[in-house]
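The values are calculated or read from the model by the stated rules, or taken from the named source; none is laboratory data. Predicted, not measured: the structure shown is a model, and the values here were computed from it. In this analysis, Cβ positions are derived from the backbone assuming ideal geometry, glycine residues included, and neighbour counts consider all displayed protein chains.
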Amino acid sequence: MKVFVNKRIPAIGIKLLEEAGLEITIPENNNLSYEEWLEYCRNTDAVLNVGANKFDKYFFEQCPNVKAVALYSVGFDHVNIKEADQRNIPIGNTPDVLSRATSDVAFLLMQSVARRASFNFQKVKEGNWGDFDPLHALGQELYGKTIGILGLGRIGFEMAEKCRKAFGMKVIYHNRHQNIEAEKELNAVYVSFEELVKQSDVLSVHANFTPEQKGFFNRSVFEKMKTNAIFINTARGGFHNQTDLYDALVSEKIWGAGLDVTNPEPMSQEDPILGLSNVCVLPHIGSATIEARNGMARVAAENIIAFSKGEKMPHCVNPEVYKD
């Protein structure tokens, strides 16, 4: 079976594919154009895809030989699942292995924003320490405050647990369904979205993104948040309207924001939000640890290998394709 891997991935994943006797193609160019990527896909049986290439109706029509897709990611919002289902094409993802790493970044952003770390680091680099000023660029403490989680799944649970253990924070959350385990282990309280917005001192987004949620956090939502609130997004940039977020920050509707994902992404270096002292932005590095990236390579390879053996992918986002 032919497998196309569109970018270099950790060696553990390639080794597993090779040991399974699969024919692997990895282009020398790590940044293919869309047409180049599409041409490789046309000549393969399975795709192990790194990045946000779209698997939409056009893709599936252009690449009828593709019988399986393994994503090097947890998110699958760039895949038209309905089109994949109609063609009985399983789509694999990589859950669990990056939950800790991604929640670590959310936790890092929360603290960085609370203490204006990026702003103060820039002052050091510029040699602009200045005289001691008891009122200049003060941060805020997080002890005993309320962390609100939108999407209390694996990553959200890790984030909530860190906040509770480190700062004694109260945990509230909003999901499509209640998370009984989290309620027992974290004393988490299920609330409506409206109450999540109103009660959270820190609101951290960890939900799966769908097109219907584009700009979910907009002007009207930010205006309902606490004036001391910190907004954290490590899920998908599409969740927030970045212009509205900037306006909410400069008008002091909310206190600060930490982003590992932006809207658009990548964002312009001229974006005015980068000039604010109460903002920390990272270039989508949630899974950027050796451990997480190795785990993602292993799981993606395991999904491909299972398919090659006629078995169900161990992590399949559309398991309906396996039903008789």
* Under the condition of being of a type in the set (A, V, I, L, M, F, W, C) and assigned to a loop (DSSP other than H, G, I, E, B), which residue from the range 299-324 is farthest from VAL250 (Cα to Cα)? -> MET313
* Quick one: which residue in MET296, MET225 is modelled with pLDDT of 95 or more, surrounded by 22 or more Cβ atoms within 10 Å (Cβ to Cβ) and part of a helix (DSSP H, G or I)? => MET296
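Picking from ARG115, ARG87, ARG176, which residue would you name as being on the phi < 0 side of the Ramachandran plot, exposed (fewer than 15 other Cβ atoms within 10 Å of the Cβ) and modelled with pLDDT of 95 or more?
Among ARG115, ARG87, ARG176, only ARG87 is on the phi < 0 side of the Ramachandran plot, exposed (fewer than 15 other Cβ atoms within 10 Å of the Cβ) and modelled with pLDDT of 95 or more.
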* Residue in the range 228-239 that is surrounded by the most Cβ atoms within 10 Å (Cβ to Cβ), counting only those that are over 15 Å from GLY148 (Cα atoms) and in contact with a helix residue (DSSP H, G or I) (Cβ under 9 Å, 6 or more places away or on another chain) -> ARG236
* Structure fact -> Looking across the range 264-293 at residues that are surrounded by fewer than 20 Cβ atoms within 10 Å (Cβ to Cβ) and among the polar types (S, T, N, Q), the single one that is nearest to LYS123 (Cα to Cα) is SER277
* Counting just the residues of the range 243-256 that are surrounded by 20 or more Cβ atoms within 10 Å (Cβ to Cβ) and out of contact with any Leu (no Cβ under 6 Å at 6 or more places or on another chain), which one comes out nearest to LEU108 (Cα to Cα)? -> GLY256
* Structure fact -> Residues of the range 272-316 being farther than 19 Å from ILE9 by Cβ and touching a strand residue (DSSP E or B) at 6+ places or on another chain (Cβ under 9 Å), in sequence order, are ILE273, LEU274, LEU276, SER277, ASN278, VAL279, CYS280, VAL281, LEU282, CYS316
* To do: With respect to ALA306, determine if the residue is surrounded by 15 or more Cβ atoms within 10 Å (Cβ to Cβ) and under 21 Å from ASP104 (Cα atoms).
  => no
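Taking ASN43 as the residue in question, decide whether it is more than 29 Å from GLN213 (Cβ to Cβ), exposed (fewer than 12 other Cβ atoms within 10 Å of the Cβ) and touching a residue at least 12 places away in the same chain (Cβ under 8 Å).
Answer is no for this residue.
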* **In the range 158-199, the residues that are of a type in the set (Asp, Glu) and over 20 Å from the mean Cα position of the chain (by Cα)** => GLU181, GLU183, GLU185, GLU194, GLU195
* Looking at GLY144, is it touching a His at 6+ places or on another chain (Cβ under 8 Å), on the phi > 0 side of the Ramachandran plot and either surrounded by fewer than 19 Cβ atoms within 10 Å (Cβ to Cβ) or at pLDDT 95 or above (or both)? -> no
* Asked: Taking VAL171, is it surrounded by 14 or more Cβ atoms within 10 Å (Cβ to Cβ), in a helix (DSSP H, G or I), at pLDDT 95 or above and of a type in the set (A, V, I, L, M)?
  -> no
* Asked: Among the residues of the range 95-108, is there at least one that is modelled with pLDDT under 95, surrounded by 15 or more Cβ atoms within 10 Å (Cβ to Cβ), out of contact with any Cys (no Cβ under 7 Å at 6 or more places or on another chain) and of a type in the set (Gly, Ala, Ser)?
  -> no
